[in-house]
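What follows is a single structure, written as structure tokens, with notes after it.
The values are calculated or read from the model by the stated rules, or taken from the named source; none is laboratory data. Values in this document were obtained by computation on a predicted structure and should not be read as measured data. A quick note on method: Cβ atoms are made from the backbone with ideal geometry, for glycine too, and the neighbour counts reach across all protein chains shown.
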């Protein structure tokens, strides 16, 4: 059994894998290690990995090191089963490379675009050869809403709604339409441009807003909200076998 811990900007995701099969998955807003202790007691995993975009948490690390026979902290020195051509590897977000590894594992031998729609929206390109070419970062949905509210004096704070007009008819719907449709055009634009270069390219959409955008895109995509967890499990297995 493998224990996977993914510390993001706004939440902590926990998962247990039996080989390649996800047994359980949960999410919490804080970094309370009690949830990890419960998983350790219930499933008794022998290996584990932790990834964090906010830096190492000593309490979580201590809990994992104490309860696991093999523990891996994901940093720039850890080997991954793709070749990285990103120039500043030490600055590369752990969730970004984990998502790429997860996509590569689930769809091997294909050109891949991984779109992670979270606090930030990231676009990652992996060629069929297994070469990670790099990616782009832009503000996420909630981040854009907050930015319009914070950096202007008159615009209200808007939250996403199920129905989004193409053209707004009041201030709130104008913000909603501008932000949501702008992201849709952005995502579809990247996909269209990469199709011109690579032809057949498989697109994964992951992150907290994956399902929100899934049906809004004109291009065919596959939504997998747990792509990072699959990637972390693959990285853990890849390194454990080498030791």
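Worth a mention:
- Residue list for segment 7-22, restricted to those being assigned to a strand (DSSP E or B) and more than 18 Å from residue 105 (Cα to Cα): 7, 12, 13, 14
- Residue in segment 159-171 that is assigned to a helix (DSSP H, G or I) and modelled with pLDDT of 95 or more present: yes
- Matching entry among 67, 135 (being buried (at least 22 other Cβ atoms within 10 Å of the Cβ), touching a helix residue (DSSP H, G or I) at 6+ places or on another chain (Cβ under 9 Å) and either over 20 Å from residue 234 (Cα atoms) or free of Cβ contacts under 8 Å to residues at least 24 places away in the same chain (or both)): 135
- Residue check for residue 220: over 19 Å from residue 96 (Cα atoms), assigned to a helix (DSSP H, G or I) and within 21 Å of the chain's Cα centre (by Cα): no
- In segment 74-92, the residues that are touching a residue at least 24 places away in the same chain (Cβ under 8 Å) and in contact with a helix residue (DSSP H, G or I) (Cβ under 9 Å, 6 or more places away or on another chain): 74, 78, 79, 80, 81, 82, 84, 86
- Which listed residue, of 221, 167, 235, is farther than 28 Å from residue 22 by Cβ and in contact with a helix residue (DSSP H, G or I) (Cβ under 7 Å, 6 or more places away or on another chain): 167
- Residue match in segment 184-199 (condition: in contact with a helix residue (DSSP H, G or I) (Cβ under 9 Å, 6 or more places away or on another chain), modelled with pLDDT of 95 or more and part of a helix (DSSP H, G or I)): yes
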